[in-house]
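Asks: Pasting a structure below so you can have a look.
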Amino acid sequence: MSGAAENLTPMGVNWIGLYTIVRREVQRMMRVPIQAFIAPWISALLFIFIFGFVLGSTMRTIGGHRYIEFVMPGILMMNIINAAFLQSSSAIYFSRFIKFVEEMLVAPLSYLEMVVGSIATVVLRASITGIGILFIGMFFGATTIESWPLFIFWIVAVSTIFGLAGILVGLWSKSFEQLNMPVVFFLTPLSMLGGSFFTLKMLPGWLHWMLWGNPFFYFINGIRGAMIGVDEAPQGLSVALTLLMILVLGGTVWRLFSRGYGLRE
Amino acid sequence: MPTPALSVRNLRKVYRRGNVAVDDLSLTINEGDFFGFLGPNGAGKSTTIHCITGIAEPTSGTIEIFGLDAVKNYRDARRLVGLCPQEFNVDPFATPGQIVDWAGGYFGMNRAQRKSRVDYLMERFELTPHLKKSFRELSGGLKRRVVLARALVHDPRLIILDEPTAGVDVELRRVLWRYLQDINGDGRTILLTSHYLEEVERLCRDIAIVNAGKIVRQGTKAEIAGAPGGLENAYLAATGAEADHVAGQ
């Protein structure tokens, strides 16, 4: 080994590199604040106006809560899922498309640092989106908060899941058409049919499988429990399922990164 | 015997569709050398560089950077290398300062180190007046300066320049040549690919010519360019050009 290599101090975690990934993504995100934050907040405001003000008096109460209080957690969760998925899928796809992902590939960054850096940004964006919607809801009396720790858990856990799913799609996609396919065919239908706007009891018995088999049902009910204390899914099952999904998706993403799938030639 | 700056042994790279881009290529570059890596388009120069820097995964063979395995010990090996790629692989909406600063961050440089280095490189490559422009607003020559500054931000021991002067005007080419000669004089090792033979002849001390994924000629500049017809003749002969295609004949 030559002097150049001998003078190197052994490299531990590249904290500055990891922080730089987050910093770069935040700076990129702040170029499009309307798309990143204002759009979901306006969408939440519109739901509050329609379900709380226009239709509020005609809707029945659920579990002692007004209809707007019942649907707000679902609306919040749908926005978190969208924010997380779009942030990570577009970031990875754009960096592959323009090839600036090579900046990271030639740097002394481990694959784990790259994944953690990307997910940290996703969680940040989803948290700002979610907490913004919560405050808007609280300001208009459309929601409350029962448990802050559970609320934070659900935002972080669900945004991690969809951040990881977004990375998978961003690595797999070869066109903008493919990038949008999961939103059209999975994210929107599963979140609309995951109990955002109705309870399990509103469905006929033969359709209950549609909710029990839909992971979004557990996420939406989890955050609903944290916000208004109404939860149709067992909390333990929801938490276990969520952690399992993080583990499986995280392992898959890390494996694909270390193999260079979609990244290296 | 001192450890070479770069040692490539029996490198082979086969792409997914079976295209053999590099085939049993071996190369040694000594520390402090200014090495010219020549070959026609598609000969395997960029693929070799991509394998060295981690953009591509070698199919087989070994690559060592200052004695460090570039695959097994990739993190430490990459700290010693700076790459100026052929393509502008840059976030087009970012500013020159951001691009160079982020690169410094990836290499673990703290804020003070980055600031001082970014300021120096912006000044050196006359990018200071363009600091607030986005990359896509810059001219071709300015873009080239930005990617070069990015490659140098962590003051690497081995600098790999893949056609750094392609599409660049004479003035910048000369600024760049002076800078490269300066840092080579300071002990930095440089691997340069270029289609401008006069550039290679002017700057490099050792030369390798690659064709169809294999090294077809390697030696000192005197050995290769010293024969009648100079480097151009040697290059065309090594890459299989017919005699009547050779310039000047």
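The values are calculated or read from the model by the stated rules, or taken from the named source; none is laboratory data. Bear in mind the structure is a predicted one, so any value in this text is a computation, not a measurement. Cβ: placed from backbone, ideal geometry, glycine included. Neighbour counts: every protein chain shown. Only protein heavy atoms, including side chains, enter the accessible area calculation; ligands, DNA and RNA are left aside. Shrake-Rupley method; radii C 1.70, N 1.55, O 1.52, S 1.80 Å.
Asks: Using a probe of 1.4 angstrom, how much of the accessible area of chain B is carbon and sulfur, in percent?
Replies: 48 percent
Asks: Other chains near B:98-106: what is the mean number of their Cβ atoms within 10 Å of each residue's Cβ?
Replies: Mean number of neighbouring Cβ atoms from other chains: 6.
Asks: Distances longer than 32 Å among the Cα atoms of the protein assembly as shown: what percent of all pairs is that?
Replies: Here the tail beyond 32 Å accounts for 51 percent of pairs.
Asks: I'd like the mean, over residues of B:73-83, of how many other protein chain beta carbons sit within 10 Å of each residue's own Cβ.
Replies: 5
Asks: May I pose another question? I'd like the interface area for chains B and A: accessible area of each alone minus the complex, both sides summed, 1.4 Å probe, protein heavy atoms only. What is it in Å² to the nearest 100?
Replies: 3600 Å²
Asks: Counting only other chains, and only Cβ atoms inside 10 Å, what mean value do you get across the residues of B:87-95?
Replies: 5
Asks: I'd like the distance between the alpha-carbon centres of region B:108-135 and region B:180-222, rounded to an integer number of Å.
Replies: Measuring centre to centre over Cα atoms gives 28 Å.
Asks: Among all the lysines, which ones have a C-alpha under 24 Å from B:LYS221's C-alpha, if same-chain residues fewer than 8 places away are not counted?
Replies: Answer for B:LYS221, where 24 Å is the Cα cut-off: B:LYS45, listed by chain and number.
Asks: Additional query: At a 1.4 Å probe, what is the % contribution of carbon and sulfur to the accessible area of region A:33-259?
Replies: Percent of accessible area from carbon and sulfur atoms in region A:33-259: 75.
Asks: Something else: Given 5 Å bins starting at zero, what is the percent of C-alpha pairs of chain B in each, up to the one with the largest pair distance?
Replies: Final binned percentages: 1, 6, 13, 17, 19, 17, 13, 8, 4, 1, 0, 0.
Asks: With both bridge residues required to lie in chain B, what share of the DSSP beta bridges run antiparallel, to the nearest 5%?
Replies: 55 percent
Asks: Further, regarding this structure: Compute the helix-to-body angle for A:15-29: its Cα long axis versus the longest principal axis of chain A, expressed 0 to 90° and rounded to tens.
Replies: Between the helix axis and the principal axis of chain A, the angle is about 50 degrees.
Asks: Continuing with the same structure: Sequence gap at least 6, Cα distance under 8 Å: using those rules, report the relative contact order of region A:33-259 to the nearest whole percent.
Replies: With pairs under 8 Å counted, the relative contact order is 28 percent.
Asks: Can you list which of the DSSP-assigned H helices in chain B have a Cα extent of 20 Å or more along the long axis and an average Kyte-Doolittle score of at least -1.0?
Replies: B:170-185
Asks: If you don't mind, another one. Quick check: net charge around A:MET227, other residues with Cβ under 12 Å of its Cβ, Lys/Arg +1 and Asp/Glu -1?
Replies: Computed value for this residue: -2.
Asks: Hull surface divided by four, with the convex hull built on the Cα atoms of region A:33-259: how many nm²?
Replies: Across all orientations, region A:33-259 yields a mean hull projection of 13.0 nm².
Asks: So, for the protein assembly as shown, what is the accessible surface per residue at a probe of 1.4 Å, expressed in square angstrom?
Replies: Per-residue value: 43 Å².
Asks: If you average the sequence gap of Cα pairs under 8 Å that are 6 or more apart and divide by the length of chain B, what percent do you get for the contact order?
Replies: Once divided by the residue count of chain B, the mean separation gives 25 percent.
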